[in-house]
Every structure is written in structure tokens, then in C-alpha cells.
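The values are calculated or read from the model by the stated rules, or taken from the named source; none is laboratory data. Keep in mind that what you see is a predicted model, and the values were worked out from it rather than measured. Reconstructed Cβ throughout: ideal geometry from the backbone, glycine too, with neighbour counts over all protein chains shown. Only protein heavy atoms, including side chains, enter the accessible area calculation; ligands, DNA and RNA are left aside. Shrake-Rupley method; radii C 1.70, N 1.55, O 1.52, S 1.80 Å.
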Amino acid sequence: MNRGRLFVISAPSGTGKSTVLTRIRERFPDLAFSVSYTTRPRRGFERDGIDYCFVGKETFEKMVQDGEFVEWAEVHGECYGTPRAPLERMASSGQDVLLDIDVQGGMAIKGAFPDAVTVFLLPPSLDELRVRLASRGTESEEQMKLRLENARREISFKQHYEYNIVNDKLERACEELAALIISKRSGGVS
Ligand code: ADP
Ligand code: 5GP
């Protein structure tokens, strides 16, 4: 049996990655999702074990020491990690897997799995990014500032991703990503 493909999606916070990925996951229910561990507090609508596994710093540190993550990184002052066992299980059973991770994680996964398909989602502009982050209303002023400061550095990584998609119109961006996934799954697009 062939191993599943890994689809890595990164974007600066507020771009609309979660919105796009929610639609993609509805459209491709057979795509597995790598549920990351994080020390970040849960947002109201997030489901523990489904969107993220929310853990304390001590638990996270113990998992790092025990080698339970394929990659982990500190992002916007909190820790995030991709658990190794479920990713290995899904990929070795032939399931294609979607990973929503930051640029540090994206580079680490590409290093460990050179066949991974890497996609960087871009906001139409930094001004629009600010508007979207504010419209979501889930971050404190301080967190918003930090996330916007980090956006410029994250965008400089776009050249290291195989595909760049601008999330201007939501429908169009979803179509572009869906077309890429379909094409990769059928062995096309190099
Ligand atoms: P991310 O996961 O990248 O941090 P979200 O998916 O939470 O971002 O989106 C941030 C905000 O931007 C949300 O309020 C969302 O509804 C909005 N949004 C997402 N995509 C678009 C788009 N194409 N045009 C306008 N607003 C968008
Ligand atoms: P948020 O707090 O907005 O959900 O996510 C912040 C950032 O952390 C996003 O760029 C998201 O893709 C990234 N992220 C989520 N899970 C992981 C992970 O397991 N590893 C890494 N490196 N980044 C992650």
C-alpha cells in the first residue's frame, strides 16, 4: 500500500487558514487532519481533541522529552507540536493528511518528509490581515500586535513553499487549494 501524502498548509495568523481548511475538510472528508498539541488557551468554539489537544506546559515539555513530536515550535509565545504516532499511523495506512502548522513546522516536515506538499496561504495585504484578525475578535490587543509583527517574518518564508495561494476571495482560494489537492492525489502537478 502507498503511504499517504502530507499536505502542509501555513499562513500568517488571521489570513483565513482555518476558514479555508474547514471548507476543504468538508469537501474532502477522507483527508485526515493532524491534530496538534498546544499550550495556548482554548478559544470558545474550539473542541479539545478535534481542533487541538490543549495541554499544560508541563505535559507539553514531557512530550518533547519523550520524543512524541515529529516537530514542535514556539509560535506567538505558545508551544505547538505535531504528534508523531497518529501522523505515522495515518500516513502508513495510506491516508492523506492535512497539517495546519507554522513556517518552522512546515520546514521541519519538509525536511523529514521531502514528498510533503507545501502550501503557503497569503493575505491580500498586511492591512487586510489586520482587519481580519480584528474581525475574529479572539485575541487580546497584545496578542494581535505580536501576531501582526510575526506576519512579515512568516511571509518571507513563502518562497520556500512549493505553492502560494492568495486568500483574497474565499471561494476562489478554496477552489485553488481543492484543485491542487485533486491534482496531487491523481499524481499530477509537479
Ligand atoms: P487563521 O486561521 O488564518 O488565523 P481565520 O480562518 O480564523 O484565520 O480567519 C480570520 C478572520 O478572517 C475570520 O473572521 C474569517 O471569517 C475572516 N476571513 C477568512 N477568509 C476571508 C476572506 N477570504 N475574506 C474576508 N474575510 C475572511
Ligand atoms: P493559532 O493559535 O492561531 O491556532 O495558531 C498559531 C500558529 O500555530 C498557526 O500558524 C498554526 O498553523 C501554528 N500551529 C498549529 N499547530 C502547530 C504545530 O503542531 N506545529 C507548528 N510548528 N505550528 C503549529
For segment 137-174, which residues satisfy the criterion of being open to solvent by 90 Å² or more (accessible area, probe 1.4 Å) and within 12 Å of ligand 1 (Cβ to nearest atom)?
K169, E171, R172
I want to confirm something. Restricting to segment 117-136 and keeping residues that are hydrophobic (A, V, I, L, M, F, W, C) and surrounded by fewer than 18 Cβ atoms within 10 Å (Cβ to Cβ), which single residue is farthest from I182 (Cα to Cα)?
A134
What's the number of the condition V103 fails, among (1) open to solvent by 30 Å² or more (accessible area, probe 1.4 Å); (2) over 23 Å from R172 (Cβ atoms); (3) within 14 Å of ligand 2 (Cβ to nearest atom)?
(1)
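Across segment 47-57, which residue is most open to solvent (accessible area, probe 1.4 Å) among those that are over 10 Å from Y37 (Cβ atoms) and part of a loop (DSSP other than H, G, I, E, B)? Spell out how you get there, then give the answer.
Filtering segment 47-57 down to residues over 10 Å from Y37 (Cβ atoms) leaves 47-51, 56-57.
Restricting the remaining residues to those that are part of a loop (DSSP other than H, G, I, E, B) gives 47, 49-51, 56.
Values: R47: 121, G49: 41, I50: 75, D51: 37, G56: 41 Å².
Among those that are over 10 Å from Y37 (Cβ atoms) and part of a loop (DSSP other than H, G, I, E, B), it is R47.
Quick grid of which residues meet (1) within 14 Å of ligand 1 (Cβ to nearest atom); (2) outside any loop (DSSP other than H, G, I, E, B); (3) surrounded by fewer than 19 Cβ atoms within 10 Å (Cβ to Cβ):
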site: R3; (1), (2), (3): no, no, yes
site: L21; (1), (2), (3): yes, yes, no
site: D30; (1), (2), (3): no, no, yes
site: G44; (1), (2), (3): yes, no, yes
site: T59; (1), (2), (3): no, yes, yes
site: V64; (1), (2), (3): no, yes, yes
site: E74; (1), (2), (3): no, yes, yes
site: C79; (1), (2), (3): no, yes, no
Identify, please: which residue in segment 81-100 is more than 14 Å from the chain's Cα centre (by Cα) and farther than 24 Å from R27 by Cα and is, among those, surrounded by the most Cβ atoms within 10 Å (Cβ to Cβ)?
R84
Identity of the residue in segment 18-36, farther than 17 Å from V8 by Cβ and in contact (Cβ under 8 Å) with a residue 24 or more places away in the chain, that ends up nearest to ligand 2 (Cβ to nearest atom)
T19
